Amino acid sequence: MAKMTYIKAITSGLDQVLNDDPKTLIFGEDVGKNGGVFRTTVDLQDKYGEDRVFDTPLAESGIIGLAIGLSLTGWRPIPEIQFMGFTFEAMDGIVGQLARDHYRFGGTKNFPVTIRTPFGGGTHTAEMHADNLENYFVSTPGLRVVTPANPYDAKGMVISAVESDDPVLFLENLKLYRSMKDEVPDDKYTVPLDSAKVVREGKDLTIVAYSAEVNESLKAADALAKDNIDAEVIDLRSLSPIDTDTIFASIDKTHKVVVVQEAQKMAGVGATVASDIAEEKIMSLDAPIGRVAAPDSVYPFAQAENDWIPNADDIEAKARDIVNY
Amino acid sequence: MANGSKQIVDFAKIKATMADPYKHPIQVIDREGKVVDPDTLAKYSDDQLVDFMKKMVWERTLHEQTMNFSRQGRLGFYAPTAGEEASEMGSVTAFKEQDFLAPAYRDLPQMIQHGTTVAKGFLWSKGHVEGNIHENKNMLFPQIIIGAQYVETAGVALGIKKNEDKDRVAFVYTGDGGTSQGDWYEGVNFASAFQAPAVFFVQNNGWAISVPRYKQTAAETLAQKAVAMGVPSVQVDGMDIVAVHEVSKAAREFAAAGNGPVVIETLTYRYGAHSSAGDDPSRYRTKEEEKPWFDADPLIRMRKVLTDKKLWSQDQEDKLVEQYKDDFKEAMKDAEAAPAQKVSDFLKWTYNVPTPSVKKQIAEFEAKESK
């Protein structure tokens with residue numbers, strides 16, 4: 001057991017799957033000698049060789065096409081798309097092809113591809129590097145979309161993603177890469193791909209969040225606790241599918257809920273969670289469903305990022321509204 | 001040139017000559033049926049030449065029969081293939097069973113030659129999952145998104161290389177319009193960067209639905225596009241089955257030997273509509289344009305070569321056509337007997353491990369379907 005950053009935990013998970021399965025391949029832009037622009041794949045080429053960990057030409061559609069073709073010849077590809085904003089270049093590959101291929105083959109062929117890509121605001125990147133684009137992908141049948149919010153889950157989930165025979169979009173949060181450390185086992189372990197987790201227990205209110213907003217929600221819960229408001233915080237972890245059982249069990253206890261996301265409010269993950277709650281649990285609620293999300297503008301210019309991204313204060317304020325409704 | 005002074009670079013000259021190495025299509029039998037490359041023709045036995053002709057008659061009959069089926073409402077989306085018999089049969093027959101085929105929607109004839117059944121081809125057109133499943137045959141389903149099959153082929157070829165499979169390549173088709181797609185360049189470039197064993201075909205049939213070849217690009221040939229990716233390429237007379245086969249065989253050998261990919265542009269023509277779904281070529285092209293292509297027909301010239309050699313008769317051909325028609329009618333019966341598809345199966349195939357909400361929907365649909 002060692003204290004590990006989120007990014008080191010992912011590297012450790014990738015090391016594990018490369019070691020366990022000789023058919024796994026890591027490839028993408030700069031992932032080889034350079035170890036990735038964030039060093040997520042650092043040293044892996046030295047350890048496993050250029051046949052297993054390799055750089056590709058700079059073209060995202062080509063990278064996903066490569067992953068599909070490699071799956072058809074028995075490999076287990078782990079492509080990296082350098083930033084989530086670049087997935088638009090591979091939209092047909094991911095949504096039009098990869099996600100549909102198991103279905104197209106009537107379930108007779110597997111496409112066990114794990115696409116790793118960093119996303120999330122707050123680090124003052126260039127444009128198209130930080131956008132929360134998960135909403136485009138969670139409406140894609142056949143594709144699993146997951147995102148860990150802490151180092152322990154990051155390692156366990158990246159291993160599960162690679163071992164899954166379904167295509168998985170594995171979202172890594174840029175701000176979390178080096179801002180938090182956890183105890184992470186050195187040995188292999190897995191964290192399920194389709195379950196949410198109660199990360200703080202409480203009885204007065206449920207806060208549902210994912211990725212960097214989980215930490216913001218925990219900060220908000222600490223602030224609320226000073227006024228004896230006992231908030232339960234759920235980390236979704238999986239954005240597709242959504243683990244509604246965990247959310248519903250919490251609502252049956254608290255009868256109040258706030259749904260938090262860093263992405264714009266329009267459509268998307270928070271809207272789906274709110275709609276699932278409305279469909280199944282409206283009679284269990286004694287206040288409206290609260291939502292905290294970014295405003296519906298294009299992702300902000302870097303200087304104004306912190307005015308735009310929802311933070312702990314926003315979550316705390318919305319939680320107070322709902323508790324005092 | 002200003003003041004007659006010599007410029008450091010003569011772009012006009014570069015532009016005027018850059019296509020030179022590419023615009024000499026390889027030919028063995030010319031449009032009159034005259035053998036222009038007897039040495040190459042001499043490599044082929046009488047049986048092989050007769051077999052080429054049979055395959056083209058088979059494809060032409062398939063075309064005619066599928067047009068009948070379409071008129072009867074017994075097929076769905078279908079892309080007519082008349083005119084492209086030499087290009088399609090000449091190329092696919094150069095590959096081996098272990099080679100991996102990534103077809104587009106006009107490539108059902110090659111899929112059938114590469115080992116799947118006519119009935120499965122019809123099922124694909126009719127919109128049935130069985131038309132996508134080719135058991136142990138090495139092929140994808142026909143790709144609809146033009147270009148996607150090119151990037152996937154680079155992946156298959158890299159997989160073949162990494163598996164160290166000997167004597168095995170990936171091969172793929174698109175049309176003239178397909179060479180305008182970004183994925184076309186990405187696919188050829190990835191295969192080249194990895195020196196992976198792939199053969200990329202461009203069946204230049206003159207038309208991308210209603211847009212003529214010359215509007216796709218100012219490049220004089222499509223073959224020359226490959227040079228930018230460091231890939232050798234060639235134009236071949238796509239109405240000459242012997243030339244297409246010979247070039248395809250050479251490309252396969254080159255790629256299988258570990259020399260990297262090849263691009264082949266076949267010069268052919270789409271006699272009919274883009275698809276059976278209401279396209280009308282008289283809206284965008286003239287009879288004057290069509291006639292020289294109809295005269296260059298691949299069956300006419302092969303028929304002449306074989307008749308001169310006393311290897312072929314009209315009577316023999318008529319009998320074959322009848323036999324093929326019967327085969328296609330039987331295949332249609334098989335296709336029409338395929339079991340009805342179930343939404344619960346679609347849900348089961350969406351994920352390997354169904355998600356909780358998909359599980360619920362499977363149960364809902366199974367309940368409906370059992371009524």
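Structure note, pairs B:K120/B:K225; A:K197/A:K265; B:K13/B:K225: Cα-Cα distances above 26 angstrom occur for B:K120/B:K225.
Here is the link list: A:K256/A:K318; A:K33/A:K109; B:K126/B:K359; A:K109/B:K368. Which ones come out longer than 21 Å on Cα distance? Over 21 Å Cα-Cα: A:K33/A:K109; B:K126/B:K359; A:K109/B:K368.
For chain A, averaging the sequence separation of C-alpha pairs within contact (under 8 Å, six or more residues apart) and dividing by the residue count gives a relative contact order of 16 percent. Comparing B:K13, B:K304, B:K96 in a Gaussian network model of chain B (Cα springs below 10 Å), the most mobile by mean-square fluctuation is B:K13.
Take every Cα pair under 8 Å whose residues are at least 6 apart in sequence, average their separation, divide by the length of chain B, and the relative contact order is 22 percent. Counting only DSSP H runs of at least 4 residues, each contributing -39500 (n - 2.57), and dividing by the residue count of chain B, the helix-based mean residue ellipticity at 222 nm comes to -14000 deg cm²/dmol. When the GluC sites (Glu not before Pro) in region A:1-78 are filtered for DSSP coil states and for at most 15 other beta-carbon atoms within 10 Å of their beta-carbon, the remaining sites are A:E50. Relative to the longest principal axis of the Cα atoms of chain A, the long axis of helix A:268-281 lies at roughly 50 degrees. With the convex hull drawn over the C-alpha atoms of region A:119-263, the volume per residue is 122 Å³. Tell me, what does the Kirkwood hydrodynamic radius of region A:1-157 come to in angstroms if you use every pair of distinct C-alpha atoms? Hydrodynamic radius (Kirkwood, Cα only) of region A:1-157 equals 16.1 Å. Applying both filters, DSSP loop and at most 14 other Cβ atoms within 10 Å, to the GluC sites (Glu not before Pro) of region B:156-220 gives B:E164. Bridges between two residues of region A:2-184, per DSSP, are antiparallel at a rate of about 20%. Karplus-derived 3J(HN,Hα) values for region A:251-258, using 6.51 cos²θ - 1.76 cosθ + 1.60 with θ = phi - 60°, are 5, 4, 8, 9, 6, 9, 8, 10 Hz; glycine and proline are entered as x. The long axis of helix A:60-72 is offset from the longest Cα principal axis of chain A by roughly 70 degrees. For chain A, modelled as a Gaussian network with Cα springs under 10 Å, which listed residue fluctuates most, A:A294, A:A302, A:A154? Highest fluctuation among the options: A:A302.
Computed from phi, the 3J(HN,Hα) profile of region B:65-76 under the Karplus parametrisation 6.51, -1.76, 1.60 (θ = phi - 60°) reads 5, 5, 5, 4, 4, 4, 4, 7, x, 9, 10, x Hz, with x in place of Gly and Pro.
The helix-only estimate of mean residue ellipticity at 222 nm for chain A, built from DSSP H runs of length n ≥ 4 each weighted as -39500 (n - 2.57), is -10000 deg cm²/dmol after division by the residue total.
Shown in residue order for region B:174-182 are the 3J(HN,Hα) couplings computed by the Karplus curve 6.51 cos²θ - 1.76 cosθ + 1.60 at θ = phi - 60°: 8, x, 4, x, x, 6, 8, 6, x Hz (x for Gly and Pro). Here the Kirkwood formula puts the hydrodynamic radius of region B:141-296 at 16.1 Å, using every distinct Cα pair. The Stokes-Einstein estimate for chain A, based on a Kirkwood radius over Cα pairs and taken at 10 °C with 1.306 mPa s viscosity, is a diffusion coefficient of 79 µm²/s. Sorted into 5 angstrom bins from 0, the C-alpha pair distances of region A:197-323 split as 2, 12, 24, 25, 20, 11, 5, 1, 0 percent. Amide H contacts for A:G36 (H built 1.01 Å from N in the peptide plane; partners 5 or more residues away or on another chain; cut-off under 5 Å): A:V31, A:T41. Pairs exceeding 22 Å between alpha-carbon atoms, taken from B:K342/B:K371; A:K281/B:K371; B:K287/B:K319; A:K8/A:K188: A:K281/B:K371; B:K287/B:K319. Taken over the C-alpha atoms, region B:237-325 has Rg and Dmax values of 17.4, 46 angstrom. Region A:1-78 and region B:172-237 have their alpha-carbon centroids 30 Å apart.
With K and R counted +1 and D and E -1, the other residues having a Cβ less than 14 Å from that of B:E366 yield a net charge of +3. Across the protein assembly as shown, Cα-Cα distances exceeding 34 Å account for 53% of all pairs. Bridging of B:K34 to lysines at a Cα separation below 20 Å is possible for B:K43, B:K54, B:K291, B:K304, B:K309, B:K310, once same-chain residues fewer than 8 apart are set aside.
All distinct Cα pairs of chain B go into the 1/r average, and the inverse of that average, the Kirkwood radius, is 22.2 Å.
Values quoted throughout were computed directly from the atomic coordinates according to the rules given, and no laboratory measurement underlies them. Note that the coordinates shown come from a computational prediction; the quantities given were computed from them, not determined experimentally. Backbone-built Cβ (ideal geometry, glycine too); neighbour counts: all protein chains shown.
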